[in-house]
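The values are calculated or read from the model by the stated rules, or taken from the named source; none is laboratory data. Nothing here was measured: the structure is a model prediction, and the numbers come from that model. Note that each Cβ is placed from the backbone with ideal geometry, even for glycine, and that neighbours are counted across all protein chains shown.
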Amino acid sequence: MDDHLLILDVGSSALKAVMFDRSGAVVAAGSAAIATRGAGRSVEQDVGDWWQAARSALDALPARETIGAVALTGSMQNLIALAEDGTPAGPAILYSDRRLDADEVAALGAKLPADYAARTGNKLDPAHTILKLLRLDRYLPGSAGSERLLFGAKDAVIQRMTGRFVVDPTTATTTGLFNIRDGGWDADLVAASGVAAERLPDILPANAVAGELGAAAAAELGLRAGIPVYNGAGDGAAATWGAFADRPASAYVYLGTTGWVAATMALREANPPRDIYTLADPIHADRAILISPFLNAGSALEWLSGVTALPVETLLEQAETEHSAPLFLPYLAGERAPFDDQAVRGAFLGLDRNHRPGALCRSVLEGIAFAVRHNLEMAGLPPSPLTVIGGGAKSPLLRQMLADSLSRAVSWPPASREVPALGVYRMVAPELGFAPVEQHLEAETITPHHAERAERRYRAYLDAAEFARGLSQALS
């Protein structure tokens, strides 16, 4: 009866439901879109939409009566306010919301303890949730000041399932309230935020049971009441474990609409704060996940599709037959890493009147590959064979360009979109007696073919990036 584990992945654009059997094999999957709204620099979602997406995604799964446990992952660094009964007190403010300008961020940062970075393991970032907490009057106008606060999309779904308010250590790290060395909420930072400690969720490891699935929630989802709901972890941790980069000195790259490069290190060796994110491991208190996030990956292809009025698939097909292409800087929405510059913008360099959409697409793919290398180098992540995951890596040409630009082998699991769900499976499988999964059995290995040419162009890319950053100041 308890032959399957259900993983819900509450992403920023869709919710995925993935069923695993006791061997760790995926037996069924479903998904449902999630809408994002906002004007100007605000980015919001409706908390209720996450629950409706879960219901829709589960409709595609057979034999739901055989599901014996649920675990979750999802986007992190959000601000979610719920009444004690779980009723949303307003929209969910996403990690990508940027309605606080640089001057406001600086002024709010001055109110925090001088050793903020040492406590949290991270230098203050405009996306840190503590800044939104300092301006709750803007984000939650009319708030009673008593709502419970959550920070991960999965956590709101868990609350609906179990009635409990929880968070995992990885997601907690992104708030600016978590002491990375002590492994709990930092009393001084909580006090500085102006939020009462009792409004914060309980911090549980990813493999802990948050609670049992309530009868009402079970009826809506078509599941058995009373099955355990595991806390799981934020998407950064789930992807890390799904890419088998949870072991020290292993690295991977995620390519979706945005992207990141990441690796796991012993916390004492990571020695935060660094210039990139340091996140607590979801289970092991003596480990840390280092993440260098960049803003422009699949979004650059979507942009090119829009301006050329050609589907992405057509552009990728045309790119395969092109051999001459301009150099592309992918900073269409500024950049977050390997440098933080909201003003820098992208460019094509070396354009020729004979260049067609396929050539531009080839340039965009190369620019994404160079952004990955730039982040790996600046972050100082281990030079291990690299696993690439995410829907943005579906292009064989892009995977080859990654191997060429990095001058090392690249591994690509065909089911890369389900890697975060696999990561959560690996976290909770030992608790359920399910079989361990230790590698991607069908992963493809791509070796470099044109590393020397890629090296020349990468050096030109670095020079062009530096020029673009100076130019942005002149044009602002």
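Couple of notes before you dig in:
- The criterion of at least 1 residues that are among the small types (Gly, Ala, Ser) and under 13 Å from ASN231 (Cα atoms) is met by the following helices (runs of 4 or more DSSP H) wholly inside the stretch 133-180: 153-162, 169-173.
- Residue ID - surrounded by the most Cβ atoms within 10 Å (Cβ to Cβ), chosen from residues in the stretch 99-131 that are in a loop (DSSP other than H, G, I, E, B) and of a type in the set (D, E, K, R): ASP125
- The one condition from (1) aromatic (Phe, Trp, Tyr); (2) in contact with a strand residue (DSSP E or B) (Cβ under 8 Å, 6 or more places away or on another chain); (3) at pLDDT below 95 that PHE178 does not meet is (3).
- Qualifying residue in the stretch 32-45 (condition: at pLDDT 95 or above, within 30 Å of ALA435 (Cα to Cα) and more than 23 Å from the chain's Cα centre (by Cα)): no
- Every condition in (1) at pLDDT below 95; (2) within 30 Å of ARG22 (Cβ to Cβ) is met by ALA71 except one, and the failing one is (1).
- Of all residues in the stretch 241-269 being part of a loop (DSSP other than H, G, I, E, B) and not hydroxyl-bearing (Ser, Thr, Tyr), the one that is surrounded by the fewest Cβ atoms within 10 Å (Cβ to Cβ): ARG247
- Test: residue in the stretch 190-206 that is more than 30 Å from ALA110 (Cβ to Cβ) and hydrophobic (A, V, I, L, M, F, W, C): yes
- If you go through the stretch 369-394 and keep only what is farther than 23 Å from PHE339 by Cβ, in a loop (DSSP other than H, G, I, E, B) and under 20 Å from the mean Cα position of the chain (by Cα), you end up with just LYS394.
- Per the listing GLU322, GLU366, the residue uniquely assigned to a loop (DSSP other than H, G, I, E, B), in contact (Cβ under 8 Å) with a residue 12 or more places away in the chain and closer than 14 Å to LEU397 by Cβ is GLU322.
- The stretch 343-357 - residue that is free of Cβ contacts under 8 Å to residues at least 60 places away in the same chain and of a type outside the set (Gly, Ala, Ser) and, of those, surrounded by the fewest Cβ atoms within 10 Å (Cβ to Cβ): ARG353
One line per residue, one yes/no per condition, for (1) more than 25 Å from GLY236 (Cα to Cα); (2) of a type in the set (A, V, I, L, M):
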position: PRO420; (1), (2): no, no
position: GLU431; (1), (2): no, no
position: ALA443; (1), (2): no, yes
position: THR447; (1), (2): yes, no
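- Within the stretch 132-155, not a single residue is of a type outside the set (D, E, K, R), buried (at least 17 other Cβ atoms within 10 Å of the Cβ), within 26 Å of PRO282 (Cβ to Cβ) and free of Cβ contacts under 8 Å to residues at least 60 places away in the same chain.
- When every residue of the stretch 347-356 is checked against the conditions, none turns out to be of a type in the set (Gly, Ala, Ser), closer than 17 Å to SER305 by Cα and modelled with pLDDT under 95.
- Hits in the stretch 202-229 (condition: over 13 Å from VAL428 (Cα atoms), part of a strand (DSSP E or B) and of a type in the set (Gly, Ala, Ser)): GLY211
- Scanning the stretch 297-319 for residues that are in a loop (DSSP other than H, G, I, E, B), under 24 Å from the mean Cα position of the chain (by Cα) and modelled with pLDDT of 95 or more yields a count of 0.
- In the stretch 103-117, of all residues being touching a residue at least 60 places away in the same chain (Cβ under 8 Å) and under 24 Å from the mean Cα position of the chain (by Cα), the one that is nearest to ASP340 (Cα to Cα) corresponds to ALA117.
- The criterion of at least 3 residues that are hydroxyl-bearing (Ser, Thr, Tyr) and at pLDDT 95 or above is met by none of the helices (runs of 4 or more DSSP H) falling completely within the stretch 395-476.
- Any chance GLY236 is part of a helix (DSSP H, G or I) and either out of contact with any Phe, Trp or Tyr (no Cβ under 9 Å at 6 or more places or on another chain) or modelled with pLDDT under 95 (or both): yes
- Total residues in the stretch 171-194 satisfying the condition of being buried (at least 18 other Cβ atoms within 10 Å of the Cβ), over 30 Å from PRO436 (Cβ atoms) and aliphatic (A, V, I, L, M): the figure is 4.
- Positions within the stretch 270-296 being part of a loop (DSSP other than H, G, I, E, B) and within 19 Å of ALA127 (Cα to Cα), in sequence order: PRO272, PRO273, ASP275, ILE276, LEU295, ASN296
- ILE130 fulfils the conditions (1) over 23 Å from PRO293 (Cβ atoms); (2) in contact with a Ser or Thr (Cβ under 6 Å, 6 or more places away or on another chain) except for a single criterion, (1).
- Any hit, the stretch 276-294, residues being touching a strand residue (DSSP E or B) at 6+ places or on another chain (Cβ under 8 Å), among the charged types (D, E, K, R), surrounded by fewer than 16 Cβ atoms within 10 Å (Cβ to Cβ) and farther than 18 Å from LEU376 by Cβ: yes
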